[in-house]
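What follows is one structure encoded as structure tokens, with my remarks underneath.
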Amino acid sequence: MFTGTWLFEDRADAGRQLAETIAGETLIDPLLVALPRGGVPVAYEIAVRIGAPLDILIVRKIGAPGHAEFGLGALVDGEEPELVLNRQAIRLVRPAKGYLEAETQRQHAEILRRRTLYFGDRTPISPRDRDVILVDDGIATGGTVRAAIRALRRASPRRLILAVPVAPKSEIAELRSSVDLIICLATPFAFRAVGLHYRDFEQTSDEEVIALMKKARREDES
């Protein structure tokens, strides 16, 4: 669907469009893993369409001083949190001594807060020997997605599939060797920002994430 200058009405619409493509794949014991917060509404629609459980993987960007959206790396939740650094970006920015350590600690605290908020005392679903579909609402620089892929690979999935509505063609090309399959609906020319391809790209709230996760669990158990 293309309306005006955008490709997707909102994240739910992007998820439904992705779901139609994913539903054509032969999947064994599939598991949806969303990157919160924006990836959750997208992944929820896919989980409902293919009848698979939905889980989340918390990844926090390590932003540059004064420019939080410019990623110097990313920290991934897990029993042993994984830090993936972008050495090229670090050389370019040259953050002050101690900045990376302090920012990593700050993002780890945020991961712990969100883990408690989203999971409570529930244990995350193991990806081992499953067809895992990693979902986000789009890719810009790819830093958080790369970190998530690296962490999920350590968990020994049967197959690892990356599913996103929109991304730069260059990022998709670079990520192909990291996963078994990429499903991306659009790779616009002169890509600038993920949100420009959505009519409604309001920030997803913690409350929405929690509500969708609860709803997905009820539907998976029914």
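Nothing in this text is a laboratory measurement; each read-out follows from the coordinates by a stated rule. Values in this document were obtained by computation on a predicted structure and should not be read as measured data. When we count neighbours, we look across all protein chains shown, and the Cβ atoms used for this are built from the backbone with ideal geometry, even at glycine.
Remarks
- All lysines inside 21 Å of LYS61 as judged from Cα atoms, apart from same-chain residues fewer than 8 positions distant: LYS97
- Against the rule of thumb 2.2 N^0.38 Å, how large the Cα Rg of the stretch 61-118 comes out: 1.13
- Segments 128-139, 44-55 sorted - mean Cβ within 10 Å per residue, highest first: 128-139, 44-55
- Ranked packing of 56-67, 142-153, most packed first, by mean Cβ within 10 Å: 142-153, 56-67
- Burial ranking of peptide ranges 12-24, 110-122 (average Cβ count within 10 Å, highest at the top): 12-24, 110-122
- Loop-located GluC sites (Glu not before Pro) across the stretch 159-222 with a Cβ neighbour count of 14 or fewer within 10 Å are GLU202, with loop assigned by DSSP.
- Put the Cα centre of the stretch 72-127 next to the Cα centre of the stretch 23-59 and the gap is 22 Å.
- Computed about its Cα centre, the charge dipole of the chain is approximately 740 debye, with only Lys, Arg, Asp and Glu carrying charge at their Cβ.
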